Every structure is written in structure tokens, then in C-alpha cells.
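Report on the structure given below.
The values are calculated or read from the model by the stated rules, or taken from the named source; none is laboratory data. Keep in mind that this is a model prediction, so the values were computed, not measured. We place every Cβ from the backbone using ideal geometry, glycine too, and count neighbours over all the protein chains shown. We work out accessible area using only protein heavy atoms, side chains counted, and drop any ligands, DNA or RNA first. Shrake-Rupley method; radii C 1.70, N 1.55, O 1.52, S 1.80 Å.
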Amino acid sequence: MDEKLEQVKQTLAKYGQEQLLDEYNRLTDENQKHDFLDSILTIDFNQVKTLYEKSKEKPNFADSKIEPIEYVDKSKLTKEEYDELNKIGTEQIKKGKLAVVTMAGGQGTRLGHTGPKGTFDLGLDTHKSIFEILTDVLIKAKQDFDVEIPWYIMTSEENNKQTVDFFENHNYFGYPKKNVTFFKQGKLPMISTDGKVLIDENHKIKQAADGHGGIFNSMLKEGIVYDMKARGIEWVFIGGVDNVLVKPVDPILVGLSVKKNVLAAGKSLVKANPHEKVGVFCKRNGRPSVIEYSEITPEMAEETDENGELKYGESHILCNLFNIKAVEKVSQKALPYHIAFKKAKYIDKDGNVVKPETPNAYKFEAFLFDAFESLDNLAILRVKREEEFAPVKNAEGVDSPETARKLYLDFHSKK
Ligand code: UTP
């Protein structure tokens, strides 16, 4: 123990994080002390230092050359085009080449539901949770394509147990358990505005999920890439947990990717208005990318093409398809971290639990769409909002359970 304590002291001194020793000195239980030292030793303080230094830099977009990207409008395909893509995609799906990954590691702070977002009751007469609604889609796909699609669910350290228990307690909503695999995403320490690593109310280092872009690395580390390859998977649909109209088993999206000979594809929606606060697909220095609303100039946002359509009007909705080769390639790279300023409960230097009313800490997140820049090309399929997008983000107002429920009911009543 003394040796370990010495090692920890040296590391903390090197990186100016000695405040963590205050907590160690306050702990009275020997096991807790031990665990605390162990948790300190798992932290890459050099990475923390670099991330903190980055938090002070202003982003510089000036050297990026941004151009519009080509897309295909699903609703404007001719019958021949549609049938051809449908045939190609259906063949792949029926051969068992498609897997679905649901990213459910987020904190869902805006919704404010206690528990993983997927366990949220959407308020239908059936009281289905979001997870049950997603399972329905895979059960339907099993009937349509006569294949059981392997389903991978990414959780985080915070919500893994609750998520797995929820599926167990509901008997996987009738989906074969052998085809549902959970894996955890990575985490990173949260730091104060002066770069100090925080301690959480459980007397551990305060850590948070490393963003949806952490998925690729986690898929590699957790053996998911290996598992997919062993099952002969070629295409991986990756989507968020919170879109109750998600269409993950879409032969047109798969067919388009095969036809265009690309390693990834994304679904887009037409922006509701030029200044809607969404990221849009584009090309950045000749490569596929997403330009965030904070980056785009008002002039660019309003630019139209010869058909009067917005040049940067294809919003990214976190519904993407990756070839397994692309997943492997990206999983070996480090995606950049973006900084979010969040409210984070912590233990202060006097040992008191502080529950801040305003943001107080930096959280570091990788974004899935940063993976696009590693690829030469991306096929984009424009889909209809009322058919494929009903997000549950906020407790009230836009993108809330109320709006998602209405979209869900309208869509299902038309079928
Ligand atoms: P959001 O960006 O909407 O974040 O995630 P969130 O955590 O769900 O909600 P807020 O911002 O705290 O209110 C979009 C999708 O990415 C997943 C989420 O679960 C959601 O499906 N996600 C996000 C992860 O899986 N891990 C993360 O670290 C972040």
C-alpha cells in the first residue's frame, strides 16, 4: 500500500492533481482507500492535461474547405431505381450480412428520466418503453427478411446494469437473447475549469461516457468487431437509442451503399429551415464530413442550388451504415474530443457534496461523425421526417415524448 501511495503521490505531483489526496486522507475504510488509489492509477493524466489545454483553444475552421455533398432522395427514386436498390439490399440482409448497433450510453440529461433513456415509457396506451419499440422493429425485420439480425447495444459504465436488467426482466421483449449483445463504451475524467480532476459523490474519480464517437474504439476493445466478423457481418447500422421511428433494417440504404461501392452511408433529412440548429452533411477538404451549426456562416446556410434546394440542407440524424472494414479502420484511430461544459455533482476540498445549479465542469466527447473524414466517400440517402425521425430529447416542447408519440402514432396508423 505504501508503495502504491508513493507512486500515486508522484503521479499527482507531476500533473498538479494533488487535491485528490485530500479525499484519500478523508477516507477511513481501508478497502475504499485501496480502491481510490487503484482508480487514480487507471487515469491517463497526460491525456487529461492535453484535453484541458485544448479546452482553452478557440476552434479554427478557417483552413477547412467546405463544399456541398451529393445525396440521393429516397422519395424521388424511379420505380426501376428503387427496385434495383431494394433487390441488392434485401439479398444482403437475407444472407445475414447486416447487424444493428444501438447507442444507449448517453446520459439523457435533457429528458431528465431517471434510468437509461431506452427504459422510458413513451406514453402509448401499451406503455411500451423505447427499448420495446426498437425491439418491435427487429422482430418485424425477422418476419420480413426471414433472418434474426444480431443486435448490439452500447451502454455506459453508469447505465449498463440497469439496461441489462431491464431486458432480462422483460424477457428481451420476445427477441432471441442469443442475438442481443451489450457492450460498454469508454469513459473519461471530468475536470473543473482550472483543470482539476473531480471526485464524485461515491468517492471515486468523476468520469463520464466519452461520447458517441467512442463507439468504434469500444467495439474493438469489447470484442464486438471480432464477434461481427465471426458471424460474417458486412454491414453495421449504427443509430441512437432515442429515435422511435428509426429504420435500421433498410434494404434501400444497404443497396445504395453496395451500388455506389462506398464503405459508409448516412440518412439525412431536409433542414426544417436554413437556420435550424442541426449539423449537416458536407465535404471538408474533399472528404465526407458534418458541419455543425456553430461552424456554418449565415450565407452558407442560406445558399441554394439550381433546383432551389439548400446546398447545405441535409441534416445528420445519427442513422448511419458502416461496412465492417470501415468500422475496423476507424476503431484503430483516435477521434478528436470535443468539449462540453456541464453541471457535475462533486466532492469539494472540504469533503462536502456540491450540486451545482450552473455548469461547472468540462466533459470530453468524441462525435461519431468525425469518423467520416477517414473515409473516401459516403452515400447519403435523404429520407422523410414523418417516416423515419421521431427523436426523444427534451422533457417538453420540441423533440419531446409528446412530439415523438404523435409522430409514432401517425406513422403507424397509416400503415
Ligand atoms: P445525445 O447527444 O442526444 O445525448 O446522444 P444524450 O446523452 O442522449 O442526451 P443529453 O444531451 O444528455 O440530453 C445521441 C445518442 O448518442 C448516444 C445517446 O444514448 C443517444 O442515443 N450517446 C451519446 C452514447 O451512446 N454515448 C455518449 O457518450 C453520448
For this session: Classify the stretch 313-383 as rounded, prolate or oblate, taking a ≥ b ≥ c as the square roots of the eigenvalues of its Cα gyration tensor: rounded when a/c is under 1.5, otherwise prolate if a/b is larger than b/c and oblate if not.
Result: prolate
For this session: Return one whole number: the accessible area per residue of the stretch 55-159 in Å², for a 1.4 Å probe.
Result: 53
Seminar exercise, completed: For the stretch 1-120, the Cα convex hull volume per residue in Å³ comes to 291
For this session: Report, in cubic angstrom per residue, the convex hull volume of the C-alpha atoms of the stretch 42-100.
Result: 205
Problem set entry | Pair-distance profile P(r), taking every C-alpha pair of the stretch 75-114, with 5 angstrom steps and integer % | 5, 17, 14, 11, 11, 10, 9, 14, 8, 1
Exercise. Treating the beta-carbon of each Lys and Arg as +1 and of each Asp and Glu as -1, no other charges, what is the dipole magnitude of the stretch 29-98 about its Cα centre, to the nearest 20 debye?
Worked result: 240
Problem set entry | Sum of -39500 (n - 2.57) over DSSP H runs of 4+, divided by residues of the chain (222 nm, nearest 500) | -10000 deg cm²/dmol
Exercise. Going by alpha carbons, how many degrees (0 to 90, nearest 10) lie between the helix axis of 30-41 and the longest principal axis of the chain?
Worked result: 60
Problem set entry | Estimated dipole of the chain in Debye, rounded to 20 [Cβ of Lys and Arg +1, of Asp and Glu -1, Cα centre] | 620
Seminar exercise, completed: Nearest 10, in degrees from 0 to 90: the angle of helix 160-169 to the longest Cα principal axis of the chain is 50
Exercise. In cubic angstrom, how much convex hull volume per residue do the alpha carbon atoms of the chain span?
Worked result: 163
Problem set entry | Charge dipole (the stretch 1-87, unit charges on Cβ, about Cα centre) - positive-most of TYR15, SER64, TYR82 | SER64
Exercise. What figure in square angstrom, to the nearest 10, would you give for the accessible area of ASP376 with a 1.4 Å probe?
Worked result: 110
Exercise. For GLU84 and PHE341, FRET efficiency with R0 = 51 Å and r from the beta-carbon atoms, rounded to 0.05?
Worked result: 0.60
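Taking the Kirkwood radius as the inverse of the mean 1/r across Cα pairs, report the Rg/Rh of the stretch 296-415.
Working: Rg = 20.2 Å, Rh = 18.9 Å.
Here Rg/Rh amounts to 1.07.
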Problem set entry | Filter on LYS56/LYS355; LYS140/LYS283; LYS247/LYS277; LYS221/LYS247; LYS206/LYS406; LYS65/LYS329 - keep pairs with C-alpha separation over 30 Å | LYS140/LYS283; LYS206/LYS406
Problem set entry | Taking the convex hull of Cα positions in the stretch 157-211, its mean projected area over all directions (nm²) | 5.1
Exercise. Roughly how many Å² is the accessible area per residue of the stretch 183-243, as a whole number, for a 1.4 Å probe?
Worked result: 36
Problem set entry | Backbone HN-Hα couplings from phi across the stretch 225-236 [Karplus 6.51/-1.76/1.60, Hz, Gly and Pro as x] | 4, 4, 4, 5, 5, 5, 8, x, 6, 10, 10, 10
Exercise. Taking amide hydrogens as modeled 1.01 Å from N in the peptide plane, which residues meet the under 5 Å criterion relative to THR181, leaving out close sequence neighbours?
Worked result: TRP151, TYR152, ILE153
Seminar exercise, completed: Rounded to a whole %, the carbon-and-sulfur portion of the accessible area of the chain at a 1.4 Å probe is 47
For this session: Calculate, in nm to one decimal, what HIS127 and LYS177 gain on full extension: separation in residues at 0.36 nm each, minus their alpha carbon distance.
Result: 15.8 nm
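Rank LYS267, LYS33, LYS177 by accessible area, highest first, at a 1.4 Å probe radius?
Solvent-accessible surface, decreasing: LYS177, LYS33, LYS267.
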Exercise. Relative to the longest principal Cα axis of the chain, at what angle does helix 45-55 sit, 0 to 90 degrees, rounded to 10?
Worked result: 60
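Report the extension gain between ASP146 and GLU299 in nm, rounded to one decimal, defined as 0.36 nm multiplied by the number of residues separating them, less their alpha carbon distance. Don't jump to the answer; show the numbers that get you there.
Working: separation 153, 0.36 × 153 = 55.08 nm, distance 4.89 nm.
Value of the extension gain: 50.2 nm.
Can you tell me the relative contact order of the chain? Whole percent, Cα pairs under 8 Å, sequence separation 6 or more.
Details: 746 pairs, mean separation 89.7, N = 415.
Reported as a whole number, the value is 22 percent.
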Seminar exercise, completed: Expressed to one decimal in nm², the mean projection of the alpha carbon convex hull of the stretch 126-180 is 4.1
For this session: Positive end of the charge dipole of the chain (Lys, Arg +1 and Asp, Glu -1 on Cβ, about the Cα centre): tell me which of LEU256, ASN169, PHE369 has its Cα farthest that way.
Result: LEU256
Exercise. Accessible area of GLU57, 1.4 Å probe, to the nearest 10 Å²?
Worked result: 120
